[in-house]
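Below you'll find the structure, written out as C-alpha cells, and then a few comments.
The values are calculated or read from the model by the stated rules, or taken from the named source; none is laboratory data. Just so you know, these numbers come straight off a predicted model, no measurement behind them. Positions of Cβ are backbone-derived with ideal geometry, glycine not excepted, and every protein chain shown enters the neighbour counts. To get the accessible areas, we keep the full protein, side chains included, count just its heavy atoms, and leave off ligands, DNA and RNA. Shrake-Rupley method; radii C 1.70, N 1.55, O 1.52, S 1.80 Å.
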Amino acid sequence: MKIVFATNNLNKLKEVQALVPSEIELLSLADIGCKEDIPETSPTIEGNAKQKANYIKQYYGYDCFADDTGLEVQALKGAPGVYSARYAGESKDANANMDKLLSELSDTENREAQFKTVIALVLNDTLETCTGICKGEITKEKKGKGGFGYDPIFLPDGYTKTFAELPLSEKNKISHRGKAVQQLIDFLNR
C-alpha cells in the first residue's frame, strides 16, 4: 500500500517511517510534487490535521494522512496547544519556543503537560482520526540532543530522561505520535 504522509517536517517523517511496517510505503509531499505550505488555520489540533489531509486529497488526489501535534501545559490553560510550532513567532524556532515556555513557567510549581497528536486519514473518500497522548512535565532546563521541537524540556511520566535524551526507538514506544501512528497502522491492517 502506498500512502502520502502530508508533512514537510523531516523529523516527523523519520519518526513515522521507523514505526510503519514495510508493506506500507510512505510518500512524502516532495514525492508528489507538493511544495506549498498547506494551510493550518483551524483553532484545534484535530481541525488542522483534517485540513491538511483533505487538502492533499482535494488538490493532489492521493489517499493520505496528516498529523498535527501540540504541547498542552496545564498551568498555561493548555497553551501553547495548537500554536506550539509558532509559540515564539512565525519563524517556528524550537529554541525560541522552549525559551519562551521555560520563562513563562519560571515561577510555577505545576509543570504538568501533555503532548497530543491527532492523525487524520483520508482513505477511499472516508475520514478517520487517531489520537495519541503522552503525559509528563516540563523540565526546568533543556536536556539532550536528540528529537526535535520541545523534546529537550519534556519529561514523560515514569521516566528520568527527556524525549531528547531517549533513543528514537524508546521514544516511539511511548510518545504521542507513536501511539497515534499505532492506531493508524491498526486501522490500515483491518
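Strictly over 22 Å apart at the Cα level, which of LYS52/LYS145; LYS12/LYS92; LYS92/LYS116 would you flag in this model? Among LYS52/LYS145; LYS12/LYS92; LYS92/LYS116, the Cα-Cα distance tops 22 Å for LYS52/LYS145. A 1.4 Å probe run over the protein chains yields, for region 1-122, 50 Å² of accessible area per residue, whole-number rounding. For the chain, with all protein chains in place and a probe radius of 1.4 Å, 46% of the accessible heavy-atom surface sits on carbon or sulfur. Straight-line cross-link reach from LYS161 at under 14 Å between alpha-carbon atoms covers these aspartates and glutamates, not counting any fewer than eight positions away in the same chain: GLU137, GLU141, ASP151, GLU170.
When shorter helices are ignored and each DSSP H run of at least 4 residues is given -39500 (n - 2.57), the per-residue value for the chain at 222 nm works out to -9000 deg cm²/dmol. Taking 0.36 nm per residue of separation and subtracting the current Cα-Cα distance, fully stretching the chain between GLU36 and LEU102 would add 20.5 nm.
Remark: spin-label model distance ARG111-ASN189 equals 3.7 nm, labels positioned 7 Å along the Cα→Cβ axis.
Protection proxy ranking of 66-76, 89-99, 176-186, by the mean of other Cβ atoms within 10 Å over each peptide's residues and highest first, is 66-76, 176-186, 89-99.
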